[in-house]
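The values are calculated or read from the model by the stated rules, or taken from the named source; none is laboratory data. Quantities reported herein were computed from a predicted structural model and do not represent experimental measurements. Reconstructed Cβ throughout: ideal geometry from the backbone, glycine too, with neighbour counts over all protein chains shown. Heavy atoms of the whole protein, side chains included, go into the accessibility calculation; ligands, DNA and RNA do not. Shrake-Rupley method; radii C 1.70, N 1.55, O 1.52, S 1.80 Å.
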Amino acid sequence: MNAASSALLSYQREDGHWCFEFEADATIPAEYALLVHYLGEEPNLEREAKIATYLRRIQGEHGGWPLFHKGEFDMSASVKAYFALKMIGDDIDAPHMVRAREAILSRGGAEMANVFTRILLALFGVVTWRAVPVMPVEIMHLPRWFPFHMSKVSYWARTVMVPLFVLGALKPVAKNPRGVSINELFHTNPKKVGPRPRAEGQSRAWYTFFAGVDACLRVVDPMLPKRSRKSAIGKAVAFVKERLNGEDGLGAIFPAMANSVMMYEALGVPESDPDRAIARYSIEKLLFETENEVYCQPCVSPVWDTGLAAHALLETGGEAEREAAHRGLEWLKPLQVLDVKGDWADQKPDVRPGGWAFQYANPHYPDVDDTAVVALALDRAAHLPGSNANFEQSVARAKEWVSGLQSKNGGWGAFDADNTCYYLNNIPFSDHGALLDPPTVDVSARCVSMLAQLGEKPDTNAVMKRGIDYILSEQEKDGSWFGRWGSNYIYGTWSALCALNAAGLAHDSAAMRRAVAWLVSIQNEDGGWGEDGSSYKLDYKGYEKSPSTASQTSWALLGLMAAGEVDNPAVKRGIAWLVANQNEAGTWKEERHNAPGFPRVFYLIYHGYSKYFPLWALARYRNLTSGNRAPVMHGM
């Protein structure tokens, strides 16, 4: 534990915060490399070579690229990675390129790629815009009551789609100075590729309806009035400009940031224009470089990392740890968004701002999960013996904002309330199935944990009572809970157990007992716990074994201890696994993806998870076993 604490302290930045490497899959670095050539920029050859090295390293044994470590072949990731490597200069007859091409062609060819990949290929002129669903920019004119409105989709969909509407209207073609194409990945002439078939998980009836709408729009789109189109483009540009977010970028996520740059390019905005220049610079800040490799991060995670690192250090409890946690929390305090009513206010106009965003800055898009985590840490630090921390007002505003964003069903989505127009996941554009931000158990559990730690009780606080009821109603038949933002049922079950314990649910309640039994039943023979991205498949029928990881073992341990199981032999074995697998640096190696960005579509490795969650679990075990076996007294 001392080694883990020292390691975590060594990662703290000079100003007090933490920000760990945040890795996705092949798609983001591939798109970054292609963006440079789309814009016709002079590429940094050394950087390109390092990106190519990264892409070659993560190529799967099947010849293509997976969405998560050791995962199955994914068509869209493979097409983008191959295209990027060819653009960078890899010989298409090199063994790794032959393997990739054969893997793609043997699975139906690039014709099978998803909508976002088709958009990229249309922008490079590989396929025509007929291969892409019609999303007219005139959507910007639609009233709020209309079945499709930007307020009805998630924040990430909004920020990605609005600049994309402009690209779809103008249909620019990449400058592509090297003239690279990938026709060899198609079985047929790519110019003849038509609309993508219905995606797995989309309703046949709804999709058929929306496909009919799409067909009508293809006929109508060229005839729409020029004045209306010009006005709609103006609205889209204004939307982007308001949320451009300085050097942290539109939505502070790579796809939206890249689309904003391409939008400005398509509109003829010069590179020297301040908006275009800052939009382009924001992307460069996402690059992560080592001696031999470079990849582009999907975004950065300083608020999340700092909040969770502070929790781990507060649990550890040494003087140096508490001082470091306090410095981190002081860094977080001024990042609270108190003066911007973001897009969340479309649904909750009477709620005052008070949240934290995930990134360094993203004032239009704070989220309740980060906010609850930070508020929990601020409250815990403020109640330490001898503390003179002045966090009371920050915590109060966070509590007010989180409470105000509760959805009608008692749960919480991450960024918006009642973002539940599920029919929209069946439009042709939404083959990824992630257009919405509905309530989820893991986020809701964090909100309930916060309310409980702040002294609220379900019999006197209706928001908390409805949150608890929502969590209990979502428990799976096997006793677990789904994890939307961490992989997967282990993460969801840890989150739920922490919340239910903090809320005062008896440890011998049926919900707690079923969850404990499930966690114990899925423990690996080596004493750890593991679960990979395949658990998000639509035909999931129950837990499937996966190699143990430090983060998932820690979540299982923290969940069991929250349920009063510190003396359970499974906990002792899990602690032994953490001790046995700690490396000389005091941390744990974790190559496997540990969270979904979007289930079944996009996965993430939070590299900080293996730095602070194991320390947190070890410290809690020490605290509980060295005392009088009192229950966990904190929300997390």
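Assuming R0 = 25 Å, can you tell me the calculated FRET efficiency for the pair residue 106 and residue 57, based on Cβ-Cβ distance, to the nearest 0.05?
0.65
Using a simple charge model, +1 on the beta-carbon of Lys and Arg, -1 on the beta-carbon of Asp and Glu, nothing else, what dipole does region 490-553 show about its Cα centre, in debye to the nearest 20?
Details: 5 positive and 7 negative charges, 45 e Å.
Using only the charged Cβ atoms, the result is roughly 220 debye.
State, to one decimal in nm, how far the label point of residue 525 lies from the label point of residue 187, with both points 7 Å from Cα in the Cβ direction.
For residue 525 paired with residue 187, the spin-label model returns 4.1 nm.
Going down the table (333/399; 341/399; 50/80; 171/285; 477/537), which pairs top 19 Å between alpha carbons? Don't skip to the answer; put the middle values down first.
Details: 333/399 14 Å; 341/399 16 Å; 50/80 16 Å; 171/285 28 Å; 477/537 17 Å.
Beyond 19 Å: 171/285.
Helix 569-581 sits at what angle to the longest principal axis of the chain, using alpha carbons and giving 0 to 90 degrees rounded to 10?
60
For region 390-396, just list the computed ³J(HN,Hα) in residue order, Karplus coefficients 6.51, -1.76 and 1.60, θ = phi - 60°, integers in Hz, with x standing in for Gly and Pro.
In residue order, the calculated couplings are 10, 10, 4, 5, 4, 5, 5 Hz.
Over the Cα atoms of region 105-171, compute the convex hull volume and normalise it per residue, giving Å³. Walk me through the intermediate numbers first.
Values: hull volume 6.7 nm³, N = 67.
Each residue corresponds to 101 Å³ of Cα convex hull volume.
In 5 Å bins starting at zero, report the fraction of Cα pairs in region 282-363 per bin as a rounded %.
3, 13, 16, 15, 16, 16, 13, 6, 2, 0, 0
With the Cα gyration tensor of region 480-579 in hand, give its eigenvalues times 5 under a square root as the equivalent ellipsoid semi-axes, listed largest first in whole angstrom. Mind dumping the intermediate values first?
Values: eigenvalues 77, 58, 24 Å².
Gyration-tensor ellipsoid for region 480-579: 20, 17, 11 Å.
Give a residue-ordered list of calculated ³J(HN,Hα) values for region 188-203 (Karplus: 6.51 cos²θ - 1.76 cosθ + 1.60, θ = phi - 60°; whole Hz; x for Gly, Pro).
The phi angles translate into 10, 4, x, 5, 9, 5, x, x, 6, x, 4, 7, 4, x, 7, 5 Hz.
Amide H of residue 65 versus every other amide H placed in the peptide plane: which residues, excluding those fewer than 5 positions away on the same chain, fall under 5 Å?
Amide H neighbours of residue 65: 60, 74, 78.
Could you give me the ³J(HN,Hα) list for region 166-176, computed from phi with Karplus coefficients 6.51, -1.76, 1.60 and θ = phi - 60°, whole Hz, x at Gly and Pro?
3J(HN,Hα) across region 166-176, in whole Hz: 5, 4, x, 6, 8, 6, x, 10, 4, 5, 6.
Once each part is reduced to its C-alpha centroid, what is the distance from region 414-454 to region 61-119 in angstrom?
31
Using the Cα centre of the chain as origin and beta-carbon charges of +1 (Lys, Arg) and -1 (Asp, Glu), tell me which of 131, 77, 563 is placed farthest towards the positive end of the dipole.
131
If you wrap a convex hull around the C-alpha atoms of region 17-64 and split its volume per residue, what is the figure in Å³? Don't jump to the answer; show the numbers that get you there.
Values: hull volume 5.4 nm³, N = 48.
About 113 Å³ per residue, rounded to a whole number.
Name the residues whose placed amide hydrogens come within less than 5 Å of the amide hydrogen of residue 128, ignoring near sequence neighbours (fewer than 5 apart) on the same chain.
Under 5 Å from the amide H of residue 128: 193.
Of the trypsin sites (Lys or Arg not before Pro) in region 576-636, which ones lie in a loop per DSSP and count no more than 10 other C-beta atoms within 10 Å? Could the numbers behind the result be given before it?
Values: sites: 589, 592, 600, 611, 620, 622, 629; in loops: 589, 592, 600, 629.
The qualifying sites are 629.
In Å, the Kirkwood hydrodynamic radius of region 56-143 over pairs of distinct alpha carbons? Let's see the in-between values first.
Values: mean 1/r = 0.0708 Å⁻¹.
Hydrodynamic radius (Kirkwood, Cα pairs) of region 56-143 is 14.1 Å.
Please give the residues of region 536-566, grouped as numeric ranges, whose backbone N is less than 13 Å from a label point set 7 Å along the Cα-to-Cβ vector of residue 70.
The answer is 545-550.
Nearest 10 degrees is fine. How inclined is helix 274-284 to the longest principal axis of the chain, computing both from alpha carbons?
The answer is roughly 60 degrees.
Toward the positive end of the charge dipole of region 24-115, about the Cα centre and with charges on Cβ (Lys, Arg +1; Asp, Glu -1), which of 52, 109, 65 goes farthest?
The listed residue farthest towards the positive side: 65.
For a Förster distance of 45 Å, can you work out the FRET efficiency between the beta-carbons of residue 200 and residue 272, rounded to the nearest 0.05? Before the final figure, lay out the partial values.
Working: r = 46 Å, r/R0 = 1.01.
Plugging the Cβ-Cβ distance into 1/(1 + (r/R0)^6) gives 0.50.
Please compute P(r) over all alpha-carbon pairs of region 47-89, binned at 5 Å starting from zero, and give each bin as a whole-number percent.
Whole-percent P(r) values from 0 Å outward: 5, 27, 33, 21, 11, 2.
If you bin the C-alpha pair distances of region 1-126 every 5 Å from 0, what whole percents do you get?
Result, from short to long distances: 2, 10, 19, 19, 16, 11, 7, 6, 6, 4, 1, 0 percent.
When the Debye formula is applied to the Cα atoms of the chain, each taken as the same point scatterer, what base-10 log of I(q)/I(0) results at q = 0.07, 0.08, 0.10, 0.12 Å⁻¹?
Debye intensities relative to I(0), on a log10 scale: -0.43, -0.57, -0.91, -1.31.
Among 240, 220, 300, what's the order by accessible area (1.4 angstrom probe), most exposed first? List each step's numbers first, then the result.
Details: 240 0, 220 65, 300 25 Å².
From most exposed to least exposed: 220, 300, 240.
Return the tail of the calculated pair distribution for region 202-296, meaning the percent of Cα-Cα pairs more than 22 Å apart. Mind showing how you got there, number by number?
Working: 2268 of 4465 pairs.
The calculated P(r) of region 202-296 puts 51 percent of pairs beyond 22 Å.
Would you be so kind as to identify which of 485, 501, 529 lies farthest towards the positive end of the dipole of region 481-535, taking Lys and Arg as +1 and Asp and Glu as -1 on Cβ and the Cα centre as origin?
Farthest towards the positive end: 501.
Report the full-extension gain for the segment residue 11 to residue 333: residue separation times 0.36 nm, less the Cα-Cα distance, to one decimal in nm.
113.9 nm
Mind grabbing the accessible area of residue 521 for me, 1.4 Å probe, Å², rounded to tens?
For residue 521, solvent-accessible area is about 80 Å².
Using the alpha-carbon atoms, what tilt in degrees (0 to 90, nearest 10) does helix 510-521 show relative to the longest principal axis of the chain?
Rounded to the nearest ten degrees, it is 70.
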